[in-house]
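For reference, the structure is listed below as structure tokens.
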Amino acid sequence: MTGVTGKNNMDTKLLIASPRSGSTWFIDSYLNKPSNYIGEYFNKDWLYWIKRRKHKNLLEMFDQLDKDNLASKTKFLESEIEEDRHYCVKLFPSQIYNCEDYREWLYNFYKDKNVYYLQRQNKWEQFLSYTYQQKTGWEHPNPKINEISKIEKQKIRIDKSDVELWLDIYNRDFSLDLSKFDKLQKFDYEAMDLSTEYVRMRDYIDYESVIENAGEYKWMIL
């Protein structure tokens, strides 16, 4: 796969978000699902997800990397942009939290690029959504409208370690210095209203009902 040549809608973009903050919806609707979108490229599990979703073009792109690590991934983006080839990437900052050098690379590479920051204000709902997906194996993280009827709701229970896991990820997702990006635009999940083929899972699943003991841990989130 080669990146899309040209500016405007297909220029270099970075979406900074956190899990279950509406990032797939945002990419699909507010960014019009750009053809140069390559997903969570900086995620160490990027290969797993593009295999699972059978993204042939991204698998071909992966084959161009020297190694499956951040050094190779950043080098590839640098070489591509020199050839006027551009990509749209989604980043959860927790994925590079322990990589100080690459945070600095991120600031420099995207300093003058279009960067979008998406946040979900309802922390409790975000926790419930993430934990439900985590406990059910991420079987249906982003269903489309025509797929929702096939999803079977599962009853689960959680414990303190589930809350601590999410809080650790959530806090690390706020680790970036957003002032480093000159063209940063901020968005709230709750304010998004553009149509998309994806559904809001919260409209179909009452998380506080299927997570049977969720209420026991609400004090840790709010």
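Computed from the coordinates by the stated procedures, all read-outs in this text should not be read as laboratory data. Keep in mind that this is a model prediction, so the values were computed, not measured. When we count neighbours, we look across all protein chains shown, and the Cβ atoms used for this are built from the backbone with ideal geometry, even at glycine.
Subtracting the Cα-Cα distance from 0.36 nm times the residue separation, let me have the gained length for Asn98 to Asp177 in nm, one decimal.
Working: separation 79, 0.36 × 79 = 28.44 nm, distance 1.46 nm.
Difference between extended and current length: 27.0 nm.
The gain in end-to-end length when the Gln121 to Leu194 segment is fully stretched comes to 24.5 nm, 0.36 nm per residue minus the alpha carbon separation. Can you spot the aspartates and glutamates whose alpha carbon is less than 12 Å from Lys73's alpha carbon? Ignore those fewer than 8 places along the same chain. Qualifying aspartates and glutamates at Cα under 12 Å: Glu40, Asp63.
Can you work out the PRE-style zone for Asp159? Point 7 Å along Cα to Cβ, and I want the residues of segment 200-222 with backbone N under 19 Å. Once the point is set 7 Å along Cα→Cβ of Asp159, 211-221 turn out to lie under 19 Å by backbone N, inside segment 200-222.
So if the hydrodynamic radius of the chain is defined as the Kirkwood radius over C-alpha pairs, what does Stokes-Einstein give as its diffusion coefficient at 20 °C and 1.002 mPa s, in µm² per second? The diffusion coefficient I find is 116 µm²/s. Less than 5 angstrom separates the built amide H of Tyr37 from those of Cys88, all sequence-distant by 5 or more or on a different chain.
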